[in-house]
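**Student:** Handing you this structure, nothing more for now.
The values are calculated or read from the model by the stated rules, or taken from the named source; none is laboratory data. Computed from a predicted model, the values in this text were never measured in an experiment. Using ideal geometry, Cβ is built from the backbone for each residue, glycine included, and neighbour counts are taken over all protein chains shown.
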Amino acid sequence: MDDTMNYKYQLGTSFKLLTKSFLLGIFFSLFSLQSFGQDQIIKGTVNDDVNPIPGANIKIQGTSIGTVTDFDGNFKIVAKSGEVLVFSFVGYKDQIVEITNQTTLNIVLQEDVKQMEEVVVIGYGTQNKKDVTGAVASVDSEALAIAVEPSAEMAMQGKVAGVTVSQSSGSPGSASTITIRGQGTIGDASPLYVVDGILTTNISFLNPNDIEKMDVLKDASATAIYGSRGANGVIIITTKKGKEGHMNVSFDAYAGVQQVGNKIPLTNQYELAFLINEARINDGLPEKYSFDELQELKKSPGTNWQDEVFSKPSEASVQNYQFTASGGNAKSQYLMSLNYFDQKGIIAPSGYKRISGRLNVKSQVTDFLALGSNIVITNSSQEVIPQNNEYEDPIMHMLAMDPMAPVYAPENDEGKVYGASQISDQFTNPVGRLDLNNDNIGVDRYMANVFAELEPIKGLTFKSMFGFDRVYLERKVFNPKFDDANNLKLSRTSGNLFISQEKHFTYTWDNTVTFKRNWNNKHDLTVLGGFSLYNEYHEFFNGGKGGLSNQEYLRFLDAGIDQETDTAPRNFAQDAGIMSFLGRAMYSYDDRYLVTATFRRDGTSRLSEKNRWGTFPSFALAWKISNEGFMSGVDFVKDLKLRGGWGQVANDKMPNNLGFYPTISTVTNGLRYPSGTGAIMDGASLTTGPTTNLVWETSEQLNIGLDAVFLRNRLSTSVDLYQKKTLDMLFQADILGSSGFTQNPWSNGASVQNSGIELVLGWADETKSGFAYSISGNFSYNKNEVLSTGAKTPFYTAPFFGKDVLITKEGESIGSIYGYETDGVYQSDPTADDAVLNNSVSAGDLRYKDLDGDGKITPNDRKVLGNTIPVYTFGLTTNLSYKGFDLIIFLQGMGGHKIFNGIKYNLNAPNTNYMSLTMENRWTKAGSTNEHPRVTGTANNKLYSDYYVEDGDFLRLRNLQLGYTIPSNITNKIGVKKFRIYVAGQNLVTLTKYTGFDPEIGQNLSSAQSAIDFSIDRGNYPVPRVYTAGVNISF
């Protein structure tokens, strides 16, 4: 009984104690919860390792509440216990602190080494950007992504000081040209491209979405490691790689429409008829149109050929889809991507499609051995229309075609009879020309490499990389059978087919050894040595056949039956190789004084044995002034580095008509001549003799630069001064016609100099409200001057309607416009004292200056009217972001050069349409104008003169993009890491005085003299205005 009562008492006591404990627990829990929700004032400072950080951002995570530190790094913020504070500043790693019961916080931010010590690829290795001694610039994937471009070249436009990127045409898939620090040769001045270690001559096939970074080596101290290929600069492309961690999957897409950005105002049918009558009266001829006919034409503007030829926005679509997956573990990483791009032109049927796939892998097989491979496969198809050809370009025909002509003839019943010009047979219906156009270029390309990295001991690395680039190109041009009595120039009695095929195969085998060592944290040394082999093989075939029907399935050469229109088949091949030895040493003392010495010795099969080998050295110094003791108290200077370099490099890109075998005589076959019996015989002729004395085109370059970072990484700048002189430049010497050679021989001896300045300036910051912004701009000025033409005589190039427009002469820029200087308009008939072109010159005609003073206008009165190479280029990028919204504004432009307006020249005749601007202000009587001449059918105003030369300066709103990223706390619920939507516009506004379609003319790449055929508007395909909407999704 007692035991029972005792047990009950103990049980009751335990229960009471348990109850009390439970109640006390609830009380303290409630107290804790109450304390957790209470506001408290947090004070403190934010410092780096040495000094306070003014302007550092402090935000409560997940909210817009925040503040910034004052000048002494102090801050004060109200927060609740349990909330998280995020401390951030540009150039430093974010620091996160959870609030419990603290009232004071002293935060020390650590520099973001990844951000502060950006790594650049310098050729056969990498280096921290702060340690670079040469002129090197970079473009990252984010900068490339904002452009709606199928090629990485155009995505670079305006992003790098000293790099000029221009389009020769706005047609989809058309090539662009890049020059670095000016035109250094009258031959090929394009840079060398290195894609994941593989050497190549262009990157138009590359999908910009696959590119992680592009490093541009601009001066000889940086490019000397590439020796005979470094004269024109080097662009090193690093594609995206996989990273350790879970698989990351992303999908990026955009779609949009395009339209022509500008149309040229032309006269309507009444205005044109009126001007034709006026021109005939001026020339003493009867009027063509009666008063009643003029009144009838006045009822309608007639055909607007620009509206008929340029596609509507809905017909000129553009779309791009990118799928990427990447990931890996500590041992192996991978990345694979698939891309589809499709762009229809603003002039049908032009267009471009590309499919590309990529696989990049790397595996750490053992502690000392890594293996990897980078593979890309592309297939592209381009629909081509005639371009940059004043005779065949449909744009020229579109502008010249009279508005009286209908698109289709009245007797048309099936849309197959085209309207013909009512005033001239020199131009044909542009709609008909385009409808009958069948010109396709298909390209398959495979680029791949495999590499092995061996590190037997720490600091010693061996690397071997073998890469190849295989290209197969086929072009089919089919001209169908077409019968149109109204348009005899369009008519053909039978179809004809022309096929050309090209095979290109190159391989690169690089073997390098790198030694790195640091002593006492004072002496840092990196030594590189290597051996390289490069070989290229090219094979060509072409042939044509007539007598084909129009059925598409019969478009093969064997289907032709008309031997008289056959094009004799041609098939030939050529190859060349380079063997190289290379070395580089980089030394740093106490992270203050830097020295880089580089050499490369190249031997090529294209030169004779005595001149085959060349040695290309460079030397560079840098002084990190900011690391000196006397700078320790200068807090606003973060980094300050002075650098200078000198080097000699060469240009291995020999002119096309020099060939791969200049050391032997070459023969041109397929020539025909009559025999003594009158029969036509096949024959051959010597093209040129052996040129055993040729040497490398050598470029000697000097560069001085200053890099600086101020105000805790907010402000950064870089300035470079350079001089680039090309010696032993190749040119074609004149020879006697009796030599029997069909081509003038090539020789060394010309020289050209480029000198200039480059400036880069950037600012980045973030306010306490979370508004982040950055502004970065670049500007470059370059003066191009021919020091010697070798033969002491100028070169005339760039024919337009059979006459050369450009000249290359000593003291002027390469490819300058050459012609007559005008002195207004004759207000009355010239007198006997006036120097005139001929006796037909009358009042209203252009007055030309008699520069040689001989009393008449002759070719000796021509002069340089302006340079065609831009003197300055610039770009300005603004990035703004706030609470998930982002805005990107990119402005780009160039200037200081002239354009020969071939459109204006072509439309200054009564057998074509006229530009409204010139006709509204034409000369009609004495005193009416001194700028534009009268209308006339004579050739008095058709000399190549400054009347047709215009400023090429322009400022373009190249890209405008507005995006919104959905908050991660929403997207994470559906398994999406990032979801961004955006709208964008490209080429939205262009400010220019140029009266053609577009001031961005560039080089005429279809010309045999494309290297010195700049800025001549032959009816260039204009750059389109593009509107797109897109998404970026990551999983």
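**Student:** Go through the stretch 911-939 residue by residue and tally those that are assigned to a loop (DSSP other than H, G, I, E, B) and surrounded by fewer than 21 Cβ atoms within 10 Å (Cβ to Cβ).
**Tutor:** Total satisfying the criteria: 13.
**Student:** So, of the residues in the stretch 129-159 that are closer than 30 Å to Arg592 by Cβ and among the β-branched types (Val, Ile, Thr), which turns out to be surrounded by the most Cβ atoms within 10 Å (Cβ to Cβ)? Explain how you work it out, then say what you get.
**Tutor:** To start, the set of residues in the stretch 129-159 that are closer than 30 Å to Arg592 by Cβ comprises 129-140.
Filter again for among the β-branched types (Val, Ile, Thr), leaving 132-133, 136, 139.
Details: Val132: 25, Thr133: 28, Val136: 23, Val139: 20.
Across the stretch 129-159, the extreme among qualifying residues is Thr133.
Per-residue answers, yes or no, for (1) within 18 Å of Ile1033 (Cβ to Cβ); (2) out of contact with any Pro (no Cβ under 9 Å at 6 or more places or on another chain); (3) part of a strand (DSSP E or B):
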position	(1), (2), (3)
Ile225	no, yes, no
Ile237	no, yes, yes
Lys243	no, yes, no
Ala253	yes, yes, yes
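**Student:** Would it be correct to say that Ile96 is of a type in the set (A, V, I, L, M, F, W, C), surrounded by fewer than 19 Cβ atoms within 10 Å (Cβ to Cβ), in a strand (DSSP E or B) and on the phi < 0 side of the Ramachandran plot?
**Tutor:** It is true that Ile96 is of a type in the set (A, V, I, L, M, F, W, C), surrounded by fewer than 19 Cβ atoms within 10 Å (Cβ to Cβ), in a strand (DSSP E or B) and on the phi < 0 side of the Ramachandran plot.
**Student:** Every residue in the stretch 344-374 that is of a type outside the set (Lys, Arg), closer than 30 Å to Glu315 by Cβ and surrounded by 19 or more Cβ atoms within 10 Å (Cβ to Cβ), please. Steps first, answer last, please.
**Tutor:** Within the stretch 344-374, the subset of a type outside the set (Lys, Arg) is 345-352, 355-357, 359-361, 363-374.
Now drop any that are not closer than 30 Å to Glu315 by Cβ, which leaves 345-352, 355-357.
If the condition is that a residue be of a type outside the set (Lys, Arg), closer than 30 Å to Glu315 by Cβ and surrounded by 19 or more Cβ atoms within 10 Å (Cβ to Cβ), then Gly345, Ile346, Ile347, Ser350, Gly351, Tyr352, Ser356 are the ones that fit.
**Student:** Met681: at pLDDT below 95, at negative phi and outside any loop (DSSP other than H, G, I, E, B), yes or no?
**Tutor:** Working: at pLDDT below 95: yes; at negative phi: yes; outside any loop (DSSP other than H, G, I, E, B): yes.
Yes, satisfied.
**Student:** Taking the stated definitions as given, is Leu887 surrounded by 21 or more Cβ atoms within 10 Å (Cβ to Cβ) and either under 30 Å from Ala984 (Cα atoms) or touching a Pro at 6+ places or on another chain (Cβ under 8 Å) (or both)?
**Tutor:** Here the answer is no, as Leu887 does not meet what is asked.
**Student:** Looking only at residues that are touching a helix residue (DSSP H, G or I) at 6+ places or on another chain (Cβ under 9 Å) and under 18 Å from Ser842 (Cα atoms) in the stretch 267-285, which one is surrounded by the most Cβ atoms within 10 Å (Cβ to Cβ)?
**Tutor:** Here the residue is Asn277.
**Student:** Kindly indicate which of Leu887, Leu837 is of a type in the set (A, V, I, L, M), assigned to a strand (DSSP E or B) and in contact (Cβ under 8 Å) with a residue 24 or more places away in the chain.
**Tutor:** Leu887
**Student:** Could you say which residue among Ile680, Ile625 is among the β-branched types (Val, Ile, Thr), touching a Leu at 6+ places or on another chain (Cβ under 6 Å) and more than 21 Å from Phe540 (Cβ to Cβ)?
**Tutor:** Details: Ile680 fails: touching a Leu at 6+ places or on another chain (Cβ under 6 Å).
Just a single option satisfies the conditions, and that option is Ile625.
**Student:** Ile899 fails exactly one of the following numbered conditions: (1) crowded, with 18+ Cβ neighbours inside 10 Å; (2) part of a loop (DSSP other than H, G, I, E, B). What is the number of that condition?
**Tutor:** Against the list (1) crowded, with 18+ Cβ neighbours inside 10 Å; (2) part of a loop (DSSP other than H, G, I, E, B), Ile899 comes up short only on (2).
**Student:** In the stretch 530-563, which residue that is part of a strand (DSSP E or B) and of a type in the set (A, V, I, L, M) is farthest from Tyr226 (Cα to Cα)? Explain how you work it out, then say what you get.
**Tutor:** Let us first name the residues in the stretch 530-563 that are part of a strand (DSSP E or B), namely 530-548, 562-563.
Cutting the leftovers down to of a type in the set (A, V, I, L, M) gives us 533, 548.
Numbers: Leu533: 12, Leu548: 50 Å.
Applying the filter and picking the extreme gives Leu548.
**Student:** Okay, moving on. Kindly evaluate Ser608 against the criterion of being at pLDDT below 95, of a type in the set (Ser, Thr, Tyr) and either in contact with a strand residue (DSSP E or B) (Cβ under 9 Å, 6 or more places away or on another chain) or under 26 Å from Trp746 (Cβ atoms) (or both). Talk me through it step by step, then tell me what you get.
**Tutor:** Values: at pLDDT below 95: yes; of a type in the set (Ser, Thr, Tyr): yes; either in contact with a strand residue (DSSP E or B) (Cβ under 9 Å, 6 or more places away or on another chain) or under 26 Å from Trp746 (Cβ atoms) (or both): yes.
In short, yes.
**Student:** Residue pairs, Cβ under 7 Å, 6 or more apart or interchain, first in the stretch 46-58 and closer than 10 Å to Ile107 by Cα and in a strand (DSSP E or B), second among the charged types (D, E, K, R) and at pLDDT below 85. List them.
**Tutor:** Between residues of the stretch 46-58 that are closer than 10 Å to Ile107 by Cα and in a strand (DSSP E or B) and residues that are among the charged types (D, E, K, R) and at pLDDT below 85, the close pairs are Pro52/Asp72.
**Student:** Is there a residue in the stretch 349-356 that is under 28 Å from the mean Cα position of the chain (by Cα) and in a loop (DSSP other than H, G, I, E, B)? Can you show your working first?
**Tutor:** Start the filter on the stretch 349-356 by keeping residues that are under 28 Å from the mean Cα position of the chain (by Cα), which leaves 349-356.
From what is left, the residues that are in a loop (DSSP other than H, G, I, E, B) are 349-350.
Yes, because at least one residue in the stretch 349-356 is under 28 Å from the mean Cα position of the chain (by Cα) and in a loop (DSSP other than H, G, I, E, B).
**Student:** For the stretch 100-120, does any single residue satisfy the condition of being part of a loop (DSSP other than H, G, I, E, B) and either touching a Pro at 6+ places or on another chain (Cβ under 9 Å) or closer than 30 Å to Ser350 by Cα (or both)?
**Tutor:** Among the residues of the stretch 100-120, not one is part of a loop (DSSP other than H, G, I, E, B) and either touching a Pro at 6+ places or on another chain (Cβ under 9 Å) or closer than 30 Å to Ser350 by Cα (or both), which makes the answer no.
**Student:** Something else now. Report whether or not Asp854 is free of Cβ contacts under 8 Å to residues at least 24 places away in the same chain, surrounded by 15 or more Cβ atoms within 10 Å (Cβ to Cβ) and either among the polar types (S, T, N, Q) or part of a loop (DSSP other than H, G, I, E, B) (or both).
**Tutor:** On the way: free of Cβ contacts under 8 Å to residues at least 24 places away in the same chain: yes; surrounded by 15 or more Cβ atoms within 10 Å (Cβ to Cβ): no; either among the polar types (S, T, N, Q) or part of a loop (DSSP other than H, G, I, E, B) (or both): yes.
When the stated conditions are applied, Asp854 does not pass them.
**Student:** Still on this structure, I have one more. Return the residues of the stretch 958-986 that are assigned to a loop (DSSP other than H, G, I, E, B) and either at negative phi or in contact with a His (Cβ under 8 Å, 6 or more places away or on another chain) (or both); say none if nothing qualifies.
**Tutor:** As a first pass, look at the stretch 958-986 and keep what is assigned to a loop (DSSP other than H, G, I, E, B): 966-967, 975-977.
Within the stretch 958-986, Ile966, Pro967, Val976, Lys977 qualify.
**Student:** Only one of these conditions is not met by Tyr994: (1) surrounded by 17 or more Cβ atoms within 10 Å (Cβ to Cβ); (2) more than 27 Å from the chain's Cα centre (by Cα); (3) of a type in the set (Phe, Trp, Tyr). Which number is it?
**Tutor:** (2)
**Student:** Does the stretch 783-816 hold any residues that are part of a loop (DSSP other than H, G, I, E, B) and of a type in the set (Val, Ile, Thr), and which are they?
**Tutor:** Thr789, Thr793, Ile814
**Student:** Which one of these is over 24 Å from the mean Cα position of the chain (by Cα), farther than 19 Å from Gly158 by Cβ and among the β-branched types (Val, Ile, Thr): Ile981, Ile1016, Ile1012? Break it down into steps so the answer makes sense when it comes.
**Tutor:** Values: Ile1016 fails: over 24 Å from the mean Cα position of the chain (by Cα); Ile1012 fails: over 24 Å from the mean Cα position of the chain (by Cα).
Unique residue meeting the criteria: Ile981.
**Student:** Quick one: count up the residues across the stretch 194-204 that are in a strand (DSSP E or B) and either surrounded by fewer than 21 Cβ atoms within 10 Å (Cβ to Cβ) or touching a Phe, Trp or Tyr at 6+ places or on another chain (Cβ under 9 Å) (or both).
**Tutor:** Counting residues in the stretch 194-204 that are in a strand (DSSP E or B) and either surrounded by fewer than 21 Cβ atoms within 10 Å (Cβ to Cβ) or touching a Phe, Trp or Tyr at 6+ places or on another chain (Cβ under 9 Å) (or both) gives 4.
**Student:** Just name the residue that is surrounded by the fewest Cβ atoms within 10 Å (Cβ to Cβ) out of those in the stretch 800-814 that are in contact with a helix residue (DSSP H, G or I) (Cβ under 8 Å, 6 or more places away or on another chain) and either of a type in the set (A, V, I, L, M) or within 18 Å of Thr789 (Cβ to Cβ) (or both).
**Tutor:** Once the filter is applied, the top-ranked residue is Thr808.
**Student:** Criterion first (in contact (Cβ under 8 Å) with a residue 24 or more places away in the chain, under 22 Å from Gly170 (Cα atoms), touching a helix residue (DSSP H, G or I) at 6+ places or on another chain (Cβ under 9 Å) and β-branched (Val, Ile, Thr)) does Ile355 satisfy it? Spell out how you get there, then give the answer.
**Tutor:** On the way: in contact (Cβ under 8 Å) with a residue 24 or more places away in the chain: yes; under 22 Å from Gly170 (Cα atoms): yes; touching a helix residue (DSSP H, G or I) at 6+ places or on another chain (Cβ under 9 Å): no; β-branched (Val, Ile, Thr): yes.
Criteria not met by Ile355.
**Student:** Among the residues of the stretch 676-734, write down those that are crowded, with 18+ Cβ neighbours inside 10 Å and among the aliphatic types (A, V, I, L, M).
**Tutor:** Selection gives Leu694, Val709, Leu727, Met729, Leu730.
**Student:** Moving on. Which count do you get for residues in the stretch 822-851 that are in contact with a Leu (Cβ under 9 Å, 6 or more places away or on another chain), surrounded by 18 or more Cβ atoms within 10 Å (Cβ to Cβ) and not β-branched (Val, Ile, Thr)?
**Tutor:** Selection size over the stretch 822-851: 5.
**Student:** Condition first: over 30 Å from Thr938 (Cβ atoms), modelled with pLDDT of 90 or more and of a type in the set (Asp, Glu). Can you find one or more residues in the stretch 839-854 that meet it?
**Tutor:** Within the stretch 839-854, none of the residues are over 30 Å from Thr938 (Cβ atoms), modelled with pLDDT of 90 or more and of a type in the set (Asp, Glu).
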